[in-house]
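A short write-up of the structure that comes next.
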Amino acid sequence: MKLKDFKILVVLLLLTQTSFAYQVTFKILDKVTKQPLEGVQVVAEQKTYIGLTNQSGLINADFEKTSLHLTFFYFGYAVVEKDFSFKDHQTITLYLTPLQEELSEVVLNAKKRINYGLTTLKPVVGTHIYAGKKTEVVNLDLVVGNKATNNPRQVFAKVAGLNIYDSNDGGLQLNIGGRGLDPNRTANFNTRQNDYDISADVLGYPESYYTPPTEALEQIQVIRGAASLQYGTQFGGLINFITKKPVNKPVEVITRNTVGSFGTLSNFSSISGTSHKFNYYAYYNGKQGDGFRPNSDYKSNNFFAHLGYDFNVDTNIAFELSSFNYIAHQPGGLSDVQFLEDPTQSYLQRNWFGVDWKLYNLKFEHQITDASKLTVSLFALDAYRKVVGFRGNPILLEPNLFDPNGDEQNNDGSYIFNRDLIVGDFRNYGAEARFLSSYQLGKNTNYYLLGGKLYRANNTQRQGAGTKGTDADFSFDESAAQYPNQNDFDFPNFNASLFGEHIFNINKHLSITPGFRFEHINTKSRGSYYVYNNNNPQFSEHKDDNNSFVRNFVLLGLGISYKPSQLFELYTNFSQNYRSVTFSDIRTVSPTFVIDPNITDETGFTADLGVRGKVKKAFSYDASIFTLVYGNRIGQIFSNTPPYRGQWVRKNIGTAFIYGVESLLQWNIKETYFKNNKNVILDVFTNLAITKSVYLESDENGVAGNEVEFIPLLNLKTGASFGWKNLLASLQYTYISEQFTDVTNSPYNPNNEEDVSGAIPSYDILDFSISYKFSKHFRIESGINNLLNNSYFTRRATGYPGPGIIPAEPRYYYATLEIKI
């Protein structure tokens, strides 16, 4: 046989794997309601993982043996262990019985870990493919922490490498980044709720002003850069908030009431149930607080409703509505000198931020065959965000213009200057369809996904003179005709995309997953901006600025997974990424920086290589190295080059190279030393990211060779969880090393009185939380965030809510009473 022929034969043998397999379908139903159960875990002998049932309660499996002992796990239900004899193409229906007995918190926690304590996503879930990707899952029922204020340090404690802006607004907004991406409003991730978009404009303005309450969530899924293929083009990847599912009984009511430091009051109340083919879940979350600084009070209301109907075990439809609104007083930023003097002070009292967010989604799911499934989502957003306030640096203006709080006043107490007002209206809608199917090649099952998305946005933005008062008045002062910061634009954007992925299971250990995404993007701006003539205001004028920018491109990616056993997996992936210029990059006028008119889109790629797995039940790990190449990266630089005269300019800086190591190690000490004691929980974890970066090239002087902004070298979160019967507690330590905030790598200067630039010094935080369940109806939670009362900050804002340092919250106490009926 020729060498060439031998190679062909080897490849064919790998692909076909000709040994016979019995193809069996299990249908798992609730014994009481007869409804399908999604997420039932099926395990064979020697703890071999088979998979999870889909939304129709189905799971397909191939078995080489004619008989086998299988175990079926599902939280809240009795475990089923049974011997089976198989016939080819057989369907087996099983009924699981809901548990009635009351279990301790420790036992419940252990069962949750068995059933859905997964830290990564399986290769195929519903109509989604995750094979070969860097995925992380936060299971909220296993988080002991401050859920009432969505404390991101605790919620995302086991997600590697995230950089977080700490805020004092009760968790109204989530600000997370990673791998050198700006955390501001999570704008570098594609943010979704139950698989549909929730940001203002996915391409034109991807900032997320809406964050669902942690108390309402079952999971948070984090898929890194390779998510561009299925979810969008962003460098950060995907953040997907999964709300709780309707319970399998007629009605369940939960109310949680929280009190905390600085006047925090929060109520979360939900109702859930299933009746025959109809299911529902709804919640209301209201919160308010004073904040730890003057002028930092807030109030919010959040409502969500899910209504579902199962036509049969194969077809269902669901409608979801989210409504979120809040008003937040913004105390402004501080200089370094002011922060060291007193981080709780505020120099501005006229700044306000208002948000109203309404999301709609209609989702249709149909199991076409045992191997094929279709989902179609129709979604829409109707929202606004309004910002009014004084955004200059009060220290740089004449002292006699300011009252003791720093706002400009006349001698009679009235205010001299109009506040700056920005109003953005976001109205967009779209549809996304996904089709996933599988086929047999030899004894291996291969999966492929095809999908498409249509998205149209009709957004508007107006900036101009606000009122001269102090209240949350978001109306324009039409009499201020010569106010310098004015623009009025429509942004009619359109996006069409096609995407696909295919899992080639070469054998039972090795899979290769290529993918693609085609993007058609048409962004437009129609409107005018005001050119103010400082020397002769009467010659100021409005200029029209109508643009259209059409792009067509393809993103490619590849994931590889090698899994020789259920305890070890080697994975790697590569994906191209893209970020379009947003309209806030183009026309928003800021008193602290200007926009380069030649600013353009960012392009690049991300790659991961890692290992993950378990050592028995006691130890789990996920460690990877990554790289991110960021072309045309947008940043801010101080420029004296004409037409700029000593100004900060937002523009394309150059090509950034970011690389590092991310790891999550977890040790279940109970399984090592107290294996037979069911009343004990004791485990520890270490989440460490080491990240380096450099600007490879730049047209700006003094930038090439500098480090990239928002990247601490060390990002460490470590902690321990412990429990006894109905008592659960956790202790978490966070350390973040120094990070730069601008491309010039301005150092930290404690004597800085005027500039908003400078590094963020290293900081550390200790958090403690505790929970006790009195009965199946009552639970109390409490804790202390920032236990050591360290004074630190995580952000230097160049615009809102600054400018300047935004101090992080000092020591904070909270207590929550939960009642479940």
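In the chain, the calculated helix contribution to ellipticity at 222 nm averages -1500 deg cm²/dmol per residue, counting -39,500 (n - 2.57) for every DSSP H run with n ≥ 4. Taking amide H as placed 1.01 Å from N in the peptide plane, PHE793 has its amide H under 5 Å from the amide H of ALA808, each at least 5 places away in sequence or on another chain.
Given an 8 Å cut-off on Cα distances and at least 6 residues of separation, report the relative contact order of the chain as a percent. Taking the mean separation of contacting Cα pairs over the length of the chain, I get 11 percent. From most to least packed by mean Cβ count within 10 Å, the peptides 416-425, 433-442 give 416-425, 433-442.
What you get for region 22-98, charging only the Cβ of Lys and Arg (+1) and of Asp and Glu (-1), is a dipole of about 200 debye around the Cα centre.
The mean sequence separation of alpha-carbon pairs under 8 Å and at least six residues apart, normalised by the residue count of region 249-355, gives a relative contact order of 19 percent.
May I ask which residue of GLY76, TYR360, ILE92 lies farthest towards the positive end of the charge dipole of the chain, with charges of +1 (Lys, Arg) and -1 (Asp, Glu) on Cβ and the Cα centre as origin? Value computed over the given set: ILE92. Remark: the LEU378-THR600 segment gains 76.8 nm on full extension, using 0.36 nm per residue and subtracting the alpha carbon distance. How do SER730, SER540 line up, fewest other C-beta atoms within 10 Å first? Ranked by crowding around the Cβ, least crowded first: SER540, SER730. One chain, two ends: ALA720 and ASP477. Fully extended at 0.36 nm per residue, the span grows by 82.0 nm beyond their Cα-Cα distance. Here the spin labels are modelled as points 7 Å beyond Cα on the Cα-Cβ line, and at THR25 and ALA433 they lie 2.3 nm apart. A simple charge model with +1 on the Cβ of Lys and Arg, -1 on the Cβ of Asp and Glu and nothing else charged puts the dipole of the chain at about 3460 debye relative to its Cα centre.
So how tilted is helix 3-16 from the main axis of the chain? Cα-based, degrees 0 to 90, rounded to 10. Relative to the chain, helix 3-16 is tipped by roughly 90 degrees. Using the Cβ-Cβ distance between TYR735 and ILE819 with R0 = 41 Å, the FRET efficiency computed as 1/(1 + (r/R0)^6) comes to roughly 0.65.
Over 19 Å apart at the Cα level, from the set LYS87/LYS443; LYS27/LYS133; LYS443/LYS617; LYS134/LYS617, are LYS27/LYS133; LYS443/LYS617; LYS134/LYS617.
Sorted ascending by nearby beta carbons within 10 Å, beginning with the fewest, THR460, THR369 become THR369, THR460. Here r is the Cβ-Cβ distance between LEU99 and SER548 and R0 is 60 Å; the resulting FRET efficiency, rounded to 0.05, is 0.50. Between ASN786, TYR347, ILE653, the Cα set farthest toward the positive side of the dipole of the chain (charges on each charged residue's Cβ, about the Cα centre) is that of ASN786. The label point for SER762 and the one for LYS508, both projected 7 Å from the Cα toward the Cβ, are 4.9 nm apart. Scalar couplings 3J(HN,Hα) for region 234-246, obtained by applying the Karplus form with A = 6.51, B = -1.76, C = 1.60 to θ = phi - 60°, are 5, 5, x, x, 10, 10, 10, 8, 9, 6, 5, 8, x Hz; x denotes Gly and Pro. Peptides 691-698, 228-235, 320-327, ordered by how many other C-beta atoms sit within 10 Å of their residues on average, highest first, read 228-235, 320-327, 691-698.
Across region 373-388, rounded Karplus estimates of 3J(HN,Hα) from the backbone phi angles (6.51 cos²θ - 1.76 cosθ + 1.60, θ = phi - 60°) give 9, 10, 10, 10, 10, 10, 9, 8, 10, 10, 8, 8, 9, 10, 10, 9 Hz, Gly and Pro being marked x. Take the Kirkwood radius over Cα pairs of the chain, plug it into Stokes-Einstein at 20 °C and 1.002 mPa s, and you get 76 µm²/s for translational diffusion. Rounded to whole numbers, the Karplus 3J(HN,Hα) couplings from phi for region 159-169 are 9, 5, x, 6, 9, 10, 7, 7, 9, 10, 9 Hz, using 6.51 cos²θ - 1.76 cosθ + 1.60 with θ = phi - 60°, and x at Gly and Pro. Between the beta carbons of LEU307 and LYS249, assuming R0 = 22 Å, the FRET efficiency works out to 0.85 to the nearest 0.05. Full extension of the segment from LYS776 to VAL337, taken as 0.36 nm per residue of separation minus the current Cα-Cα distance, would add 152.8 nm. Each of SER261, PRO250, ASN190 was scored by the projection of its Cα onto the charge dipole of region 186-331, and the greatest displacement toward the positive side belongs to SER261; charges sit on the C-beta of Lys, Arg, Asp and Glu.
Arranged by the count of other C-beta atoms within 10 angstrom, fewest first, what order do TYR733, TYR812, TYR673 take?
Listed from fewest to most nearby Cβ atoms, that is TYR673, TYR733, TYR812.
The label point for TYR360 and the one for THR48, both projected 7 Å from the Cα toward the Cβ, are 5.0 nm apart.
Every read-out reported here was derived from the displayed coordinates using simple, explicitly stated rules and does not represent laboratory data. Note that the coordinates shown come from a computational prediction; the quantities given were computed from them, not determined experimentally. A quick note on method: Cβ atoms are made from the backbone with ideal geometry, for glycine too, and the neighbour counts reach across all protein chains shown.
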